[in-house]
Amino acid sequence: MLCEVCGRPSGNLKKILLEGVEMLACEECSSLGIEEAPPQKTKKIDFEEMEIRKAGAFDLGLDLKKGFGKIISMARQKQGLTFEELGKKIFEPVSLLHRIESESIKPSDKLISKLEKALQVKLTEKQE
Ligand SMILES: [Zn+2]
């Protein structure tokens, strides 16, 4: 195999990006470009991820209060519950609770009412 940069034969060619062009380069030339990361294995969506996607709602009628994550977090801590304990209580994965408390996803209507009941808080604004 020949290095596509300098043309010298090399038994150890690396795929690099040189000025945006993918090239096969020898050891010496590979330092000129950005070494291309090996292709990532497509992350398999596991069961928990599926549950999170199902539970995560993005366009629902209910108006979540601003700072709902904080409300949940404070109510949970007030009750002395860990994520794990709360998860067990409402049958939801811990990572889902993490994401809700960090507000990276919004809980679904169903989950909102479960959280409200478990933590005795109000998470939605009253619609007039
Ligand atoms: Zn070379």
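Report yes if some residue within segment 14-24 is more than 8 Å from the ligand (Cβ to nearest atom), buried (at least 18 other Cβ atoms within 10 Å of the Cβ) and part of a loop (DSSP other than H, G, I, E, B); otherwise report no. No, segment 14-24 contains no residue that is more than 8 Å from the ligand (Cβ to nearest atom), buried (at least 18 other Cβ atoms within 10 Å of the Cβ) and part of a loop (DSSP other than H, G, I, E, B).
So which residues in segment 78-113 are outside any loop (DSSP other than H, G, I, E, B), without any contact (Cβ under 8 Å) to a residue 12 or more places away in the chain and more than 23 Å from Glu125 (Cβ to Cβ), if there are any at all? Once the filter is applied, which keeps residues that are outside any loop (DSSP other than H, G, I, E, B), without any contact (Cβ under 8 Å) to a residue 12 or more places away in the chain and more than 23 Å from Glu125 (Cβ to Cβ), segment 78-113 yields Glu84, Glu85, Gly87, Lys88, Val94.
No value in this document is a laboratory result; all are computed from the given coordinates. Here the structure is a predicted model, which means the values were calculated and not measured. Using ideal geometry, Cβ is built from the backbone for each residue, glycine included, and neighbour counts are taken over all protein chains shown.
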